[in-house]
Every structure is written in structure tokens, then in C-alpha cells.
1. Of Arg179, Arg56, Arg515, Arg111, which has the most accessible area and how do the rest follow, probe 1.4 Å?
2. By average Cβ neighbour count within 10 Å, what is the ranking of 338-345, 159-166 from highest down?
3. Nearest 20 debye, what's the magnitude of the dipole of the chain about its Cα centre given +1 on Lys and Arg Cβ and -1 on Asp and Glu Cβ?
4. Kindly express, to the nearest 10 degrees and within the range 0 to 90, the angle between helix 498-520's C-alpha long axis and the longest C-alpha principal axis of the chain.
5. How tilted is helix 53-75 with respect to the longest principal axis of the chain? Cα atoms for both, answer in degrees (0 to 90, nearest 10).
6. So for the chain, averaging the separation of alpha carbon pairs under 8 Å that are six or more residues apart and normalising by length, what relative contact order in percent results?
7. When a/c is below 1.5 the answer is rounded, else prolate if a/b is larger than b/c, else oblate, so apply that to the stretch 360-408 with a ≥ b ≥ c taken from the square roots of the Cα gyration tensor eigenvalues.
8. If we sort 249-260, 180-191, 594-605, 543-554 on the protection proxy, mean other Cβ atoms within 10 Å, highest first, what's the order?
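The values are calculated or read from the model by the stated rules, or taken from the named source; none is laboratory data. Nothing here was measured: the structure is a model prediction, and the numbers come from that model. Cβ atoms come from the backbone with ideal geometry, glycine included; neighbour counts cover every protein chain shown. All accessible areas refer to the heavy atoms of the entire protein, side chains included, with ligands and DNA or RNA removed. Shrake-Rupley method; radii C 1.70, N 1.55, O 1.52, S 1.80 Å.
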Amino acid sequence: MTDLLTYLSRLFAFDMEHPLLFTQFHFWAFFFIVYTLFCLIVSVGHRGRGMSRGRRLWRNGYLFIVSLFFYYKTSGHFVLLLLFSTVVGYLLGVGLDRLAHRAEQNAAVGRARHALMAAGVTANLAVLCYFKYAYFFTDIFNTIASTHFSITNAIVLPVGISFFTFQNISYIVDVYRGRVRHADNILDFGFYTTFFPQLVAGPIVRADQFIPQLYRPFTLSRRQFGIAVFWILNGLGKKLVLSDWLAVSFVDRVFENPLLYTSFENFAALLLYSLQVYADFSGYTDIAIGVALLMGFHLPLNFNSPYKATNAAGFWKRWHISLSNWLKDYLYIPLGGNRNATTATWVIPAVMLTVVLLMARSLWLTLAAAFVVSLLVLVYAAFPEGRRDFATNMNNFDTMLLGGMWHGASFNFITWGALNGLGILVYKWWRRRGPAARMAAAVVAYLGVKCAYHLYPVPVLSMFHLAFMVVAVATVLLNLVPALMGGRYRPSALKGGVLTVWNTLLTFVFISFTRLFFRSGSNLDPAEANETAWRTATQMVERIGGTWNWEQVPAILSAYAPVFAVFVAGMIIHWLPDRFKRRYRLWFAAMPLWLMAVVAVATVFVVYQFITADLQPFIYFQF
């Protein structure tokens with residue numbers, strides 16, 4: 001009896017060293033029990049007439065309680081924060097709906113309703129800022145004011161706080177806008193907020209997409225069951241083979257000490273990390289989609305083969321789609337979208353730039369920033385007809401800047417967001433230009449970096465010098481040939497061929513380079529994130545921009561042959577046509593159940609041959 005009580009206390013206690021991860025047996029044992037009871041709840045009394053209101057409430061309430069337990073096993077006492085956030089969100093939704101009709105006839109009530117919505121959004125952001133950015137803001141203040149304030153009690157970041165905070169904000173705003181009606185009761189809303197498959201790492205579920213599903217009867221067709229199993233197996237394969245194994249075998253080693261590795265190894269680590277982070281995050285999403293589908297709920301698509309993108313803007317329509325759409329609807333459009341600029345359009349970059357300059361305390365950097373800002377102001381004043389485009393570009397840039405900051409409290413994440421924003425702006429300018437302007441711009445950019453490198457031969461300019469030379473030569477060739485065909489510029493002349501391949505590879509390399517700053521800021525103690533992350537990024541730039549010893553490359557490829565083989569195989573699978581991928585998903589879903597079980601067991605056996613001694617946590621848990 002004592003042993004049984006000890007076992008049960010251990011089973012229901014929070015263990016920081018053994019959270020419930022999709023890649024652990026404990027989770028699947030947990031899910032088996034949860035799903036068995038779930039099936040009993042949705043099937044009892046079912047006679048083909050759908051689900052009664054009472055049974056829907058039992059189902060939603062049961063999954064709410066289960067999800068709270070899941071989060072407790074993942075984050076301990078922070079489940080109280082999640083519960084508090086849920087209660088406040090529900091009460092705000094009820095209040096906003098009850099004031100909606102009166103607000104149409106009474107302006108004062110309308111203002112009060114708007115204030116209630118703003119208070120709800122502000123409260124959610126305040127909680128997020130405290131847990132996620134307290135060290136960051138304290139570090140900034142100390143650097144600017146030359147003070148030595150410190151946070152005495154360590155602040156532990158609750159797992160998934162960014163995801164459930166953004167879901168609460170979307171609910172409050174959508175109820176305010178009338179997009180969705182408030183949840184009928186606290187159990188329904190709690191289920192929406194805490195649904196365990198996507199609770200700690202997304203995808204971000206919008207209120208208008210998910211809440212209507214709370215009131216639909218449970219359905220699971222034979223094909224849906226097969227698709228769900230496929231997504232779960234697909235996600236496990238991505239996580240354990242393409243993510244964890246590549247990380248442990250190569251990527252983590254290089255990032256831990258870049259100076260111990262060659263220029264080629266540092267560059268390869270960036271490319272491999274791009275596959276690693278994609279496989280990690282999309283693997284989690286695949287499993288979450290599969291688990292949710294088994295319970296009759298549909299989560300939104302979060303990835304659509306992002307490395308098939310031919311430009312930076314296209315990449316963000318394929319990567320972390322739920323976050324991109326959230327930022328578009330709740331940040332980009334309120335900033336003015338593609339219509340106009342608002343006060344916040346200018347305030348956001350101005351504050352960011354001021355903070356950077358105050359922290360850097362560099363006269364040359366200040367003068368350079370003043371020159372760039374003055375140039376932008378002159379352009380804005382001299383070309384009134386282009387102000388709308390200018391405002392759109394600034395809103396795009398601000399959105400990417402804040403999107404970078406959402407990922408982490410470090411200037412590395414802000415730099416990463418800014419680089420992606422610049423990539424989108426360059427593409428938008430580029431696509432509107434003809435071959436002559438494109439070739440001229442490429443040559444001028446290359447010559448400018450070349451001159452700068454001769455004046456200041458630093459590694460970062462050496463790296464850009466080589467990159468711009470390759471891009472300039474390719475740009476001239478790829479734009480000159482179509483221009484000569486038919487006497488005018490026709491992008492379709494090379495569409496689907498060399499031009500598409502080049503644009504895809506160029507985008508992949510650009511996105512991988514920006515990840516240098518993303519990876520350097522990950523998995524760090526917030527109290528030392530800025531310094532450590534920037535040092536790692538600087539060392540990698542120093543290596544990649546330094547002297548390349550090409551004679552060492554064959555030996556490196558031979559030494560890490562399995563690693564590069566897995567990388568190449570992963571990228572080939574990623575680049576397979578969408579129609580082909582859909583075909584083998586449907587083929588798997590149509591298998592007889594006994595054959596599906598055999599394939600599933602074989603897949604799990606093969607995948608777990610790649611398992612590392614210490615399971616790697618999902619990268620996006622920290623966000």
C-alpha cells in the first residue's frame with residue numbers, strides 16, 4: 001500500500017526533469033488513458049443523433065481539466081497563472097458581449113467597452129512582459145543609466161506563455177469586434193485556452209477558428225483517423241531524426257564554441273540549423289494536429305514547406321503561419337497596414353533605434369543612423385506619391401521587428417526580426433524593377449561592400465563581400481538572358497527552371513544566415529542572454545567571414561558523412577511536390593488497419609534508433 005501511494009504521489013507530482021513531452025513514453029501513456037475516457041464520454045448514450053448539450057459540456061470540461069493537469073506536469077505551479085488568465089479572459093468576454101448592444105445606442109458605453117478591451121489586452125501583455133522581458137529591460141536601463149539594479153528572485157519563464165497569452169488577446173479582440181460570441185461557460189472557454197496538444201508550442205489558435213468547434217458533435221471518419229496517425233508518425237520522425245539527431249551530432253557542437261571549427265563547418269551549421277528548427281517546430285505541430293484530430297478538433301496549418309519559398313515575403317507566408325496571421329490581424333493592420341502610417345508606425349522604430357544608440361554609445365554609429373534617418377525623411381518629403389508605399393514598408397518592418405522581440409528578450413532576436421523585415425522590403429522593391437535596374441542595383445551593392453571592405457577589412461564585410469559578388473554575377477546572368485529573349489523582360493521565360501531554383505536557394509541561405517542571431521539567443525539564461533548571444537553570433541561571423549580552407553572540405557564531409565546525408569535527405573523530402581506528399585498521406589490513410597498498425601510500429605522502431613541519450617526539449621517551448 002505504501003509503495004502504491006508513493007507511486008501515485010510521484011505520478012501526480014510535478015517533476016521538472018521529466019515534463020510530458022510528445023517524444024516520451026509517459027506522454028503516450030497519458031494520452032492513451034485520456035483518449036480512452038474521452039471515447040467513453042462522447043459515445044455514452046450516442047444513438048446517431050449527435051451530441052447533446054450536456055455531453056458536449058462533459059467533453060469540454062473533461063478536456064479542460066485534463067489540459068490543466070498536462071500543463072501542471074509541464075510547468076508546475078504556473079498552472080495557477082494559466083487558470084487566472086483563463087478566468088479573467090472569460091469574464092472580459094462576457095462583459096464585452098453584454099455591453100455590445102448598449103454601446104450601439106450609448107457612446108459612453110462604447111468608450112467603456114473599448115477601455116475594457118484595451119485593459120484586457122494590456123493586462124495580458126503586462127504579464128508577458130514581466131515574465132519574458134524583466135531581465136531584458138533591466139539590462140537596458142542599467143546600461144543606459146549606468147546603474148546596477150538586479151532582479152533578486154530569479155524569474156522562471158512559464159512554458160508556452162507567449163502562445164496562450166496571444167490566444168487570450170485574440171479572443172478579447174475578436175469578441176470586441178463581434179467576430180465571435182463569448183464562450184457559453186467557463187469550462188468551454190477554459191478548454192479553448194488550455195487545449196493540451198497545442199498549449200505549450202502552438203499553433204496559435206484563433207478564437208473565431210476554434211470556439212465554434214466547441215459546439216459541434218464529435219466526428220472522426222476512417223480517413224481522418226488514418227491522417228491523424230500519419231501526422232503523429234511524421235512529427236515524431238521530424239523531431240527525433242531531423243531535429244534532435246542533427247542537433248546533437250553537429251549543430252550544437254559548433255554553436256557552443258564556433259572558434260573551434262572551420263569557416264565551412266560554421267556555415268554548414270547555419271544551414272543544418274535551419275532544417276533542425278523547422279523539423280523541431282513543424283514536428284511538434286504535426287503531432288499536435290494529429291492528436292487533436294483524433295479528438296475531432298482541427299488545428300490550423302502552421303507550415304507549408306517554407307523552404308520552397310522564392311523570397312523572404314513568401315517564406316513568412318509558409319513559416320509559423322498562425323503567428324504570421326496573428327501579427328497581420330492584430331499588429332500590422334492596426335498599425336495602418338497597406339493604407340497609411342499611424343503614430344505607432346514611427347514611434348516603434350524610433351524607440352528601438354534610440355535604445356540601441358544609447359547602449360552602444362558610439363559616435364560613428366550615431367552619425368550613420370542620423371544620416372540614414374535624414375535620407376529617409378528627405379525621400380518621404382520629396383516623393384508624396386510614394387508615401388503610401390513608404391508607410392506600408394514601415395508597417396511591415398515594424399511588424400517583423402516586434403515579431404522578433406516576441407521570440408525572445410535579446411537584441412539577437414530583434415536583429416533577427418529586423419533582418420527579415422529588411423529582406424521583405426528589398427524583395428518588394430526588387431519585384432517592381434526591370435532587368436536594367438536589378439543588374440545596376442546588384443553591381444552597385446557589390447562595389448559598395450567591396451569598397452567598404454577595403455577601407456575596413458573586418459570579417460562581417462568579408463562575408464558580405466563574397467555573398468554580394470555571387471549574387472551580383474547571378475543577378476546579371478539571370479536578368480540578362482530573359483531580357484534578350486523576345487526583346488523584353490519576361491520572368492516567365494525561366495519560371496520553373498533556373499530562376500526558381502536560384503531564388504529558392506538564395507532565400508534559404510538568407511533565412512539561414514538570419515538564424516545565426518536566432519540560434520545564438522536561444523536556450524540561454526535571460527540574465528546573460530544579450531552578452532552571450534552576441535558573442536556567439538560575432539564569433540560565427542568572424543569564422544564565416546574569415547579565410548576559407550577549401551582543402552579541408554572533403555575531409556569534413558567525410559568525417560560527418562551521416563550528418564550531411566541526413567541533411568540532404570531531409571531537404572529532398574521537404575522539396576518534394578505537394579501533390580506527391582498529399583498522395584502518400586492519403587495512401588497511408590486508406591491502408592487496412594492491420595497494415596497501418598504494422599507500418600506504425602516499424603516507423604516508431606526505426607525512428608527511435610536515432611534517439612539521443614538525453615531527449616532534446618522542443619525549441620519553441622522557450623517562447
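1. Putting Arg179, Arg56, Arg515, Arg111 in descending order of accessible area: Arg111, Arg179, Arg56, Arg515.
2. 159-166, 338-345
3. 2600
4. Computed tilt is about 70 degrees.
5. With rounding to tens, the tilt is 50 degrees.
6. Once normalised by length, the contact order is 18 percent.
7. Verdict is oblate for the stretch 360-408.
8. 180-191, 249-260, 543-554, 594-605
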